[in-house]
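The values are calculated or read from the model by the stated rules, or taken from the named source; none is laboratory data. Here the structure is a predicted model, which means the values were calculated and not measured. Quick reminder, even Gly has a Cβ in these numbers, built from the backbone with ideal geometry, and neighbours come from all protein chains shown. Accessible surface areas use protein heavy atoms only, side chains included; no ligands, DNA or RNA. Shrake-Rupley method; radii C 1.70, N 1.55, O 1.52, S 1.80 Å.
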Amino acid sequence: MPKTDYDEFAEAYAADNEVNLLNGHYERPAMLDLAGAVDGRRILDAGCGAGPLAAALRDRGAIVSGFDLSASMLDLARRRLGADADLTVADLAKPLRGTTTRRSTMSSAPSSCTT
């Protein structure tokens, strides 16, 4: 994958994302509310970045997979979630390699998918 703008400022973006008004105090709590009970559910965090939403969903019992275009953001997500986290560098504007068709249900949240 080519380097993205996020690769250049991944650490600064991730640090800000944790605490800023929009992400840390509005969007992420709203996404968690929309997801509801996730224990045992498989959830795709598309555009997962450094993994704050994936971590919160996993803490609630979800089985989380994450995609992001930025390898640097996924490196930060791996630090947060552990080396065995299911994280993939992928351009979601293009077909994903090695995927199979499964019935999935999109949540009201634009970047999460559950199956």
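What residues qualify as long-range amide H neighbours of Leu87, i.e. H under 5 Å apart, gap of 5 or more or another chain, H built at 1.01 Å from N?
Hits under the 5 Å cutoff: Gly66.
With a 1.4 Å probe and all protein chains left in place, how much accessible area per residue does region 1-46 have, in Å²?
That works out to 69 Å² for each residue.
Once you place label points 7 Å from the Cα toward the Cβ at Ala46 and Leu92, how far apart are they in nm?
0.5 nm
Rounded to the nearest 10 Å², what accessible area does Met73 show when all protein chains are kept and the probe is 1.4 Å?
Here the accessible area works out near 10 Å².
Tell me which of Val38, Ser70, Phe9 sits at the most positive position along the dipole axis of region 1-78, charges placed on C-beta atoms (Lys, Arg +1; Asp, Glu -1).
Of the listed residues, the answer is Val38.
Sort Ile43, Ile63 from largest to smallest accessible area, using a 1.4 Å probe on the heavy atoms of the protein chains.
Order by accessible area, largest first: Ile63, Ile43.
Quick one: order Asp86, Asp45, Asp33 from most to least accessible surface, probe 1.4 Å.
Asp33, Asp86, Asp45
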